[in-house]
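Everything on this sheet refers to the single structure shown next.
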């Protein structure tokens with residue numbers, strides 16, 4: 001009798017193991033993870049595989065005072081013994097900010113893959129401390145709408161020059177082979193009193209402020225320089241007097257610095273898969 005009981009237990013145990021091994025999920029979930037180094041913090045969540053794809057939310061926190069560029073095509077999945085490149089749009093992350101991409105890989109039968117790796121590569125730092133390009137002053141009222149400075153062509157597309165404010169809009173095209181960062185807030189204007197006045201941030205719901213990043217040759221972006229009413233009566237009336245825009249360190253060009261790759265290991269989340277994935 002004892003032998004019979006042991007045999008029954010063994011059969012039940014084997015049957016349970018086989019059933020667990022053969023259990024299939026319509027959606028297979030993975031554990032969240034966080035990886036961090038001196039430059040970035042990587043957070044992965046909502047990782048799931050179905051019969052036709054595997055995907056996850058990849059959040060990158062920029063811990064530096066530089067811009068970051070993430071080029072997903074330099075990253076790769078290692079899944080089912082094969083390396084497959086990621087195919088998503090580039091991501092630009094401002095200094096000390098964070099942003100995310102949904103990383104998605106199409107393929108059959110991924111809901112049976114309980115572990116794989118993703119090599120996060122193609123993250124670059126763009127320095128915000130590059131030396132500015134010497135640029136001639138720009139007189140208002142203007143004698144010429146466009147000019148060239150270093151690897152930039154600049155065209156004035158809008159000018160509002162009145163007593164209450166001066167707003168100057170430039171369309172700037174980068175013609176170089178590196179990466180450019182433009183700092184509108186580094187510009188100033190020299191007034192008839194011989195003093196320089198820094199530009200002020202734009203206001204309004206759609207106003208943009210801060211550095212502008214140009215990452216590809218031929219890319220064009222718009223920037224606006226702004227000055228508010230100045231004290232001093234007629235001698236400082238912006239509608240009536242000449243103004244000399246000084247660009248200072250506004251135009252910069254720099255190279256990319258690559259951050260070391262990180263390998264993310266995706267692990268099967270059995271509890272969540274049993275609760276949600278059947």
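Just a few scattered comments:
- Test set (1) farther than 19 Å from residue 268 by Cα; (2) modelled with pLDDT under 95; (3) surrounded by 15 or more Cβ atoms within 10 Å (Cβ to Cβ) - residue 40 fails condition number: (2)
Per-residue answers, yes or no, for (1) assigned to a strand (DSSP E or B); (2) in contact with a helix residue (DSSP H, G or I) (Cβ under 9 Å, 6 or more places away or on another chain); (3) exposed (fewer than 13 other Cβ atoms within 10 Å of the Cβ):
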| site | (1), (2), (3) |
| --- | --- |
| 194 | no, no, yes |
| 210 | no, yes, yes |
| 216 | no, no, yes |
| 222 | yes, no, no |
| 226 | yes, yes, no |
| 234 | no, no, yes |
| 245 | yes, no, no |
| 253 | yes, no, no |
| 264 | yes, no, no |
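- Within segment 64-85, tally of residues that are within 18 Å of residue 33 (Cα to Cα) and either surrounded by fewer than 16 Cβ atoms within 10 Å (Cβ to Cβ) or at pLDDT below 95 (or both): 1
- Single condition residue 46 does not satisfy, out of (1) part of a loop (DSSP other than H, G, I, E, B); (2) modelled with pLDDT of 95 or more: (1)
- Of residues in segment 45-63 being crowded, with 20+ Cβ neighbours inside 10 Å and touching a helix residue (DSSP H, G or I) at 6+ places or on another chain (Cβ under 6 Å), the one farthest from residue 276 (Cα to Cα): 54
- When each of 238, 230 is tested for being farther than 23 Å from residue 131 by Cβ, crowded, with 18+ Cβ neighbours inside 10 Å and touching a strand residue (DSSP E or B) at 6+ places or on another chain (Cβ under 6 Å), the lone residue that passes is 238.
- The single condition among (1) modelled with pLDDT of 95 or more; (2) surrounded by fewer than 16 Cβ atoms within 10 Å (Cβ to Cβ) that residue 179 does not meet is (2).
- Candidates 110, 29: the one that is more than 18 Å from residue 259 (Cα to Cα), in contact (Cβ under 8 Å) with a residue 60 or more places away in the chain, in contact with a helix residue (DSSP H, G or I) (Cβ under 6 Å, 6 or more places away or on another chain) and not assigned by TED's automatic domain parsing to the domain that holds residue 214 is 29.
- In segment 159-192, residue nearest to residue 244 (Cα to Cα) [restricted to those that are assigned to a loop (DSSP other than H, G, I, E, B) and free of Cβ contacts under 8 Å to residues at least 60 places away in the same chain]: 191
- Of the strands (runs of 3 or more DSSP E) that lie entirely inside segment 99-156, those containing 3 or more residues that are surrounded by 15 or more Cβ atoms within 10 Å (Cβ to Cβ) span 115-120, 123-126.
The values are calculated or read from the model by the stated rules, or taken from the named source; none is laboratory data. Only a predicted model underlies this, so the values are computations on that prediction, with no experimental measurement involved. Cβ sites come from the backbone with ideal geometry, for glycine too, and all protein chains shown count toward neighbours.
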